1. Look at A:LEU183 and say whether it is on the phi < 0 side of the Ramachandran plot, in contact with a Phe, Trp or Tyr (Cβ under 8 Å, 6 or more places away or on another chain) and within 14 Å of chain B (Cβ to nearest Cβ).
2. Collect the residues in the range B:6-25 that are acidic (Asp, Glu) and more than 11 Å from chain A (Cβ to nearest Cβ), keeping them in residue-number order.
3. Looking at the range A:184-194, is at least one residue free of Cβ contacts under 8 Å to residues at least 12 places away in the same chain and not assigned by TED's automatic domain parsing to the domain that holds A:ASP154?
4. Condition check: over 30 Å from B:LEU38 (Cβ atoms) and crowded, with 24+ Cβ neighbours inside 10 Å. Does B:SER247 satisfy that?
5. Search the range B:323-339 for residues that are touching a residue at least 24 places away in the same chain (Cβ under 8 Å) and pair each with any residue that is of a type in the set (Gly, Ala, Ser) and surrounded by 14 or more Cβ atoms within 10 Å (Cβ to Cβ) when their beta-carbon atoms are under 6 Å apart and the residues are at least 6 apart or on different chains.
6. Mind counting the residues in the range B:138-173 that are crowded, with 17+ Cβ neighbours inside 10 Å, at pLDDT below 90 and β-branched (Val, Ile, Thr)?
7. Filter the range B:301-317 down to residues that are loosely packed, with under 14 Cβ neighbours inside 10 Å and either within 23 Å of the chain's Cα centre (by Cα) or not aliphatic (A, V, I, L, M) (or both), then give me how many there are.
8. Testing A:ALA149 on (1) surrounded by fewer than 22 Cβ atoms within 10 Å (Cβ to Cβ); (2) within 15 Å of A:ASN115 (Cβ to Cβ), one condition comes back false. Which one is that?
Amino acid sequence: MNASLAPDNIQPTSPSGNTLLEVDQISLSFGGVKALQDVSFSVEEKQITAIIGPNGAGKTSMLNVINGFYHPQQGQIHFKGLHRKQMRPHEAAVQGIARTFQNVALFKGMSTLNNIMAGRNLKMKKNLFWQALYYGPARDEEMRHRLEAEKIIDFLEIQSIRKTPVGRLPYGLQKRVELGRALAMEPDLLLLDEPMAGMNLEEKQDMCRFVLDINEQYGTTIVLIEHDMGVVMDLSERVVVLDYGRKIADGTPDEVRSNQTVIDAYLGNN
Amino acid sequence: MYYRESGDFKTSYQADNQFISVYQDKILVSIIIFLFWLVLPLSVSEFTFQAILIPFVIYSTAALGLNILTGYAGQISLGTGAFMGVGAYSCYKLVTYFPEVNILIIVLLSGLFSSIIGVLFGLPSLKIKGFYLAIATLAAQFFLIWIFEKVAWLYNYNNSGAIEVPTSTSFNFVVTGPSASSITKYYIVLIICSLMTLITINLIRGRFGRVWQSVRDNDISSEIIGINILHAKISAFAISSYVIGVSGAMLVFFWKGAAEANLFDIGLSFRILFMVIIGGLGSVLGAFFGAFFIVVLPVLINVVPQFMGLAVASETVEHVNLIIIGSLIIAILIIEPHGLSRLWSIGREKLRLWPFPH
């Protein structure tokens, strides 16, 4: 789908420092429902940014806008210094955006290994003819990518479930496999939608460890949505707070924690 | 006890990626291949060739083709019969225009036409899913049959309105037409079927297989990881229709000998779909199981009274046969909705522990 990355779709703009993603005055509405209104923030390279907010604040909508699921009515997105207009999710993937979902969206009939290998699809180039022949270039390519997939399997400590269909795995492990699939894409920007939802303490700790390790070892920029404030405050270097589709605060965890508007949004102001 | 994988270590990713990775399975598959390539063809009668072996191989190929689309890519199609027809008619036209080209090549080429038509009628799959897609492919079924009937050019303006397979030779063997021997035809369909099976297996275990299955399981997240849904669905339609088209060409050229448009009617589509469902969606082995069940079992049941020397009227046998097959279908779907191939793999799991309960 490289054809759709044609110049009229993306115009280079002045890249501002080492900002990886810049969201500029995004407004998104579904009929009369205004999901996002004039939201702007930026994500610095190699940082972990958290988006928080009460239920229905528009956090997931924001992620959907970033990776091309929703097309905002107004506003612009700059990714890697490139301006982009409307874009399909797979084009966003080509540019280096990966994500996981709030409710796991794995390929249930496939094994853990195949799920992760599917994540490497964009990197595999051999055409139908070689694939049908299998022996030769297609197999070499397959084995090369298998090695990469195995590295991820080792990293996430899921060796024992390599061949298990993911539909049979417990929830915590499914979340981990989904993270692995996103990681297999070698993304520049990783969007995590509630990676710790529904997990117990140990699983949360494991997941936090993986998120930090991904950030450190692979140098991946991460944007995550999370409700566990302890996790958010510990993991992220920057926090963006949304409420009713508007951005109400943006800053370091400490700044956000002491921000009166944020406290009001969460606790009410009476 | 005897069916154990323990100790069967894989030391390379290549070894781990084999399609049949368990040692005992390899032996079993080798025996089956040996049986079909050497033992059966050299020992069975003309009747068995015509009633069991040749149709079994041809229908297996068709079921394999539909399994790519429905089992692996998750797109329901009711146009299988018509796509087989496209293969058969284009094979007929190609033979008319290029009589000197080897029939094997013609058959393999005729799949391409079916592939193109399949892609064309697969385009709606980008917008519609499930039952609605089934209805859209049903349109293909009726439309194509209508074309086969109305466009006289397709059957060379024969008065009968049917295509009749001309006699052709390859490597000094008569391979098609009334004078061709059954064993020659059998070997040709077997060669083509094996080729199609190999291609399918290779595609399924590689990138294409993963892309198709991911679209089947979750189209939203496949798009997220950079899979182009358009390419995925269209390639599934193309490959599937190719295999189905080739099987259609074989059906007419190496089995029926002549065909009218109504051979490829909706009944044939359902027959293939039943094979895929009973055999097991998303399983290469399932296609063969399904074809065995639908094509071979009725014939076997039919000859049972003869075998046992019972004097039963042939209509009675026919009716009892329908009852038995019908109830078996229901029974199998109740016992294991995922089809015979799942039953097979459950059996394997049990065999692993046998004779111990856990």
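The values are calculated or read from the model by the stated rules, or taken from the named source; none is laboratory data. Here the structure is a predicted model, which is why all the values come from computation and not from measurement. Please note: Cβ atoms are built from the backbone with ideal geometry, for glycine as well, and neighbour counts cover all protein chains shown.
1. Judged against the criteria, A:LEU183 is a match.
2. B:ASP8, B:ASP25
3. Looking for residues that are free of Cβ contacts under 8 Å to residues at least 12 places away in the same chain and not assigned by TED's automatic domain parsing to the domain that holds A:ASP154, one finds none in the range A:184-194, hence no.
4. No.
5. Going by the 6 Å Cβ cut-off, the qualifying pairs are B:HIS338/B:GLY280; B:GLY339/B:GLY279; B:GLY339/B:GLY280; B:GLY339/B:GLY286.
6. Qualifying residue count for the region: 2.
7. Adding up the residues that qualify gives 6.
8. Only one criterion is unmet by A:ALA149, namely (1).
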